[in-house]
1. Counting only the backbone N, which residues of segment 2-22 are under 15 Å from the spot 7 Å out from the Cα of Ala375 toward its beta-carbon?
2. On a 0 to 90° scale, report how tilted helix 231-247 is relative to the longest principal axis of the chain, with both axes built from alpha carbons and the result rounded to the nearest 10.
3. In whole Å, what is the distance between the alpha-carbon centres of segment 206-220 and segment 126-189?
4. Once you charge only the Cβ atoms, +1 for Lys and Arg and -1 for Asp and Glu, what is the size of the charge dipole of segment 311-350 about its Cα centre, to the nearest 20 debye?
5. So if I place +1 on the C-beta of Lys and Arg and -1 on the C-beta of Asp and Glu, and nothing else carries charge, what would the dipole magnitude of the chain be about its Cα centre? I want it in debye, nearest 20.
6. Can you show me the helix-derived [θ] at 222 nm for the chain, built from DSSP H runs with n ≥ 4 at -39,500 (n - 2.57) apiece and divided by the number of residues, rounded to the nearest 500.
7. Any idea what the dipole of segment 330-421 comes to, in debye rounded to 20, about its Cα centre with Lys/Arg Cβ at +1 and Asp/Glu Cβ at -1?
8. Beta carbons within 10 angstrom, averaged per residue: use that to sort the peptides 321-329, 306-314, 107-115, 363-371, highest first.
Amino acid sequence: MSQILQAIRGMNDILPPESERWERFEETVRDWLFSYGYRPIRMPLVEPTPLFARAIGAVTDIVEKEMYSFTDALNGEALTLRPEGTASCVRAVLQHNLLYDGPKRLWYMGPMFRHERPQKGRYRQFHQVGVEALGLPGPDIDAEQILMCARLWDDLGLEGIRLEINSLGELEERTRHRADLIAYLEKHIEELDEDGRRRLHTNPLRILDTKNPALQEIVEAAPKLIDYLGKASLEHFEGVQQLLEDAGVPYRVNPRLVRGLDYYNLTVFEWVTDRLGAQGTVCAGGRYDGLIAQLGGKPAPACGFALGIERLMALLEAQGELPEAPAVDVYVVHQGEAAQRLAFRAAEALRDIGCAVITHMGGGSFKSQMKRADASGAQLAVIIGEDEAQKNEASLKPLRVEREQWRVAVDGLADAVNDWLFGADEAINEE
Ligand code: HAM
């Protein structure tokens, strides 16, 4: 026998019941996005490679070493599996001129691809919910996006996710800070690690983000970007903080929060938990006012964030808040040819009234069919044996509570099932 092929490392199958929990999660997320006026957009998974180099920055981990890039064998075009969604979203907005009649609030959900070293919470194919507000300049939308996240954690029953924010200022402010930072780091060049030395002249801000404990002291004493911010940048940052305080959302200003993508300016933020080990950032984003112009559009401000679905699901699991996987309502058990035909009719009649129904297939004794019925999670088994078939009847057997089975005419089956499944609820509600 030939060997069973395996999925690519770091790219996971999501199987039931996990896949069903994902769907529940996605339903919550859709309602949440709708409640803030965001509308869905769907972009291709593959984009021209230059889009990401231009948007994310040529000297970032993502573009330098994590992209799944390949040449289209038919026309030689350089293509990349999207490592994130913001670049594609902005590309789509510009291509279709979506900002012609004012700001847009958009969201997307789906797989992203990064060639990282797989570990718990870090995958090569992972899933994000991305949220982008385009055309809005004020600190109010930054703050609202952060509040949105707080509300989602609440909707999901999540606790212990802390908020870190920072301001990256404007380009000119970063340029002055950068010159001073390089001068400072050059004085410590002997102590820097390989990554640090490589980034010294290309992306020194990222050195501040190092996880290397040996560099913490140097990084701690380095010139701080916040000290280089001008009046407008400071006001914007204060505006965000004021609205967060008004809403009672606690936060910490982390001057070393720099993000791994180059398109950000002004507000950046991350939601972090300690309960997932090293991969604790469950959601991250910020303002990217320069990106639209950088990708060829008429300059317009924008901000957004993305949450990592795998990480949020892991956190839900750790906190015992996993959404429940749904079960079908009814499992139809039958034996004999006439019974099978009646079972088909009965199942369709139940689906007509909105029930989820599995019709048993593949034969077997009543006992083994009832085992399947039980394992399906259904509330009720509808049993059609030869005797029932002859009389055009069906037996009902509750599967989750003790109760003798009873018979009804097939014509009255839908009503009887409806009463049992939903009438009971009403009775409880009335109590
Ligand atoms: P990001 O920080 O690269 O930002 O990713 C956002 C989130 O995606 C992370 O906080 C994390 O939860 C999740 N994530 C990232 N990489 C992985 C991975 N390898 N495995 C599992 N989860 C991962 C962005 O992608 C920006 N596009 C966010 C944004 C939208 N900024 C503005 N708009």
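1. Hits in segment 2-22 for Ala375 at 15 Å: 16-17.
2. 30
3. Taking the Cα centre of segment 126-189 as reference, the centre of segment 206-220 is 19 Å away.
4. Once rounded to the nearest 20, the dipole reads 160 debye.
5. On the way: 48 positive and 68 negative charges, 287 e Å.
So the dipole magnitude of the chain works out to roughly 1380 debye.
6. Helices in the chain give a 222 nm mean residue ellipticity of -11000 deg cm²/dmol.
7. The calculation lands at about 340 debye.
8. So the peptides 321-329, 306-314, 107-115, 363-371, ranked by packing, come out 306-314, 107-115, 321-329, 363-371.
Any read-out appearing in this document is the output of simple, stated calculations on the displayed coordinates, not a laboratory observation. Not measured: the values here are computed from a predicted model. All Cβ positions, glycine included, derive from the backbone under ideal geometry; neighbour counts span all protein chains shown.
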